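Data first, discussion second: the structure below is written as structure tokens.
The values are calculated or read from the model by the stated rules, or taken from the named source; none is laboratory data. Just so it is clear, the model here is predicted, and its values are computed rather than measured. Note that we place each Cβ from the backbone using ideal geometry, even for glycine, and neighbour counts take in every protein chain shown.
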Amino acid sequence: MKLIRNAQVYSPTSLGIKDVLIAANKIIAIEDDLSHMTNELTEVIDASGQILTPGFVDSLVHITGGGGEGGYATRTPEMHVDEAFIGGVTTVIGALGTDAETRSLENLLAKTYGLEEQGLSAYCYTGSYHFPMVSITESVKRDIMLIEKFIGVGEVAIADHRSSQMSVAEMARVASEARVGGMLAGKKGIVSIHVGDEPAKLSKLTRVVEQTDIPISQFYPTHINRNKALLEAGFDYAKQGGNLDFTTSTTEQIIEQGETPAAKALAMALAEGIDISQLTMSSDGNASLPTFDEHGQLIELEVGRVSSLHQSMVDAVLVHQVPLALALASITKSPANILSLMQKGQIKVGNDADVNLLDATTLAIKHVIAKGQSVTVIES
Ligand code: ZN
């Protein structure tokens, strides 16, 4: 058992100063004073002056690496479990990306199981950017229904020169397969959507919603902050009930070319009146971040970092004046609810013991507990 004492608890809603008791891998009590619950086997952690938050949920990480758009040498490496733990991330959702030729779903699934064995909570998406969809069984529907770790399909690419230029009918078919596979397995069957720079923006999704009974909440489009026009279209899409995800990994060059930092995009979306339950940030960790010149030549290639998720939450609070409870929700409760991971993303009795302790002033990470185990402890 672990007893965390005198922490300012954000569930992500502020609960005030509380003690939080963890037994095995669950949160079992949240009270003003739980000191009577300890025995000689209880580890007591004094969290005075610290903020206690849910472990962060990163809804898009290329855990087996991604990229390769600049040639073989630009294929990015796998994520190491410590990259997540150092950044306060206790749940990841892994995905393939552009390359479903040299990277496979079998490898993605094995990496997901591996991360889980290392103490992280890990899930993944079947499929990739491309249509027809790759799968391990014979379809997206069967993968989601029969393989526990597959909670949806993605990143399915739209509005991108690297996409398969799917028709509206094809997108509707994929969404319906994911939805039905999810229903049969008690999962959300979310369709993670990679949105590129093309002017079509989110129109393929709104047309599916107009022409079918598939709800807009089935889709989870990401990279909405990649250019100003897409961000504006994203606000309209959210006002129709859609979810929006902002990508936190970036470079100065990418921002110069028109990307809005995720922290600022979150502040703008809230100022537009969009509900926090529809707004999330994800790192796109281990993706390639290529910058091309006006002739399409690769001039720079960086690798996305999972730790950018925490940094963007801090920037949202300290630079863009987003209330802490809302900034936290965008990387905890909101993604967990959108993905129907009901044990995740909230400090709540009965939930998994995924807990971060942050410095109350700087919001720096001090201690990370994943499934009840201390996985990061920063001294002083
Ligand atoms: Zn993407």
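Brief remarks follow.
- Any chance L318 is over 30 Å from G70 (Cβ atoms) and surrounded by fewer than 18 Cβ atoms within 10 Å (Cβ to Cβ): yes
- Matching residues in the stretch 94-124 - criterion: being without any contact (Cβ under 8 Å) to a residue 60 or more places away in the chain, of a type in the set (A, V, I, L, M, F, W, C) and not in a loop (DSSP other than H, G, I, E, B): L105, L108, L109, A110, L115, A122
- Residue check for A185: touching a strand residue (DSSP E or B) at 6+ places or on another chain (Cβ under 6 Å) and either crowded, with 16+ Cβ neighbours inside 10 Å or farther than 16 Å from S59 by Cβ (or both): no
- Residue within the stretch 260-272 that is modelled with pLDDT of 95 or more, among the polar types (S, T, N, Q) and closer than 30 Å to R142 by Cβ present: no
- Residues within the stretch 195-204 that are within 21 Å of the chain's Cα centre (by Cα) and farther than 20 Å from S282 by Cα, tallied: 0
- Close pairs (6 angstrom Cβ cut-off, 6 or more residues apart or separate chains): buried (at least 22 other Cβ atoms within 10 Å of the Cβ) in the stretch 11-22, in a strand (DSSP E or B) and of a type outside the set (A, V, I, L, M) anywhere: D19/R5; D19/E31; I22/K2
- Selected residue (criterion: surrounded by the fewest Cβ atoms within 10 Å (Cβ to Cβ)) from residues of the stretch 114-139 that are of a type outside the set (G, A, S) and under 18 Å from the mean Cα position of the chain (by Cα): E116
- In the stretch 341-348, the count of residues that are more than 12 Å from the chain's Cα centre (by Cα) and free of Cβ contacts under 8 Å to residues at least 40 places away in the same chain is one or more.
- Candidate set from the stretch 101-113 (those that are more than 16 Å from the ligand (Cβ to nearest atom) and either buried (at least 20 other Cβ atoms within 10 Å of the Cβ) or not polar (S, T, N, Q) (or both)); member that is farthest from L357 (Cα to Cα): E101
- Some residue of the stretch 296-310 being within 12 Å of the chain's Cα centre (by Cα), crowded, with 20+ Cβ neighbours inside 10 Å and among the aliphatic types (A, V, I, L, M): yes
- Within the stretch 32-93, strands (runs of 3 or more DSSP E) holding 1 or more residues that are crowded, with 19+ Cβ neighbours inside 10 Å and among the charged types (D, E, K, R): 56-61
- Residue in the stretch 229-243 that is of a type in the set (D, E, K, R) and crowded, with 24+ Cβ neighbours inside 10 Å present: no
- Residue identified as of a type in the set (S, T, N, Q), within 15 Å of the ligand (Cβ to nearest atom) and modelled with pLDDT of 95 or more among T76, T90, T98, T64: T64
- Strands (runs of 3 or more DSSP E) wholly inside the stretch 274-359 containing at least 3 residues that are more than 16 Å from V92 (Cβ to Cβ) and within 16 Å of the ligand (Cβ to nearest atom): 288-292
- Of the numbered criteria (1) hydrophobic (A, V, I, L, M, F, W, C); (2) modelled with pLDDT under 95; (3) within 22 Å of M342 (Cα to Cα), the one M183 fails is (2).
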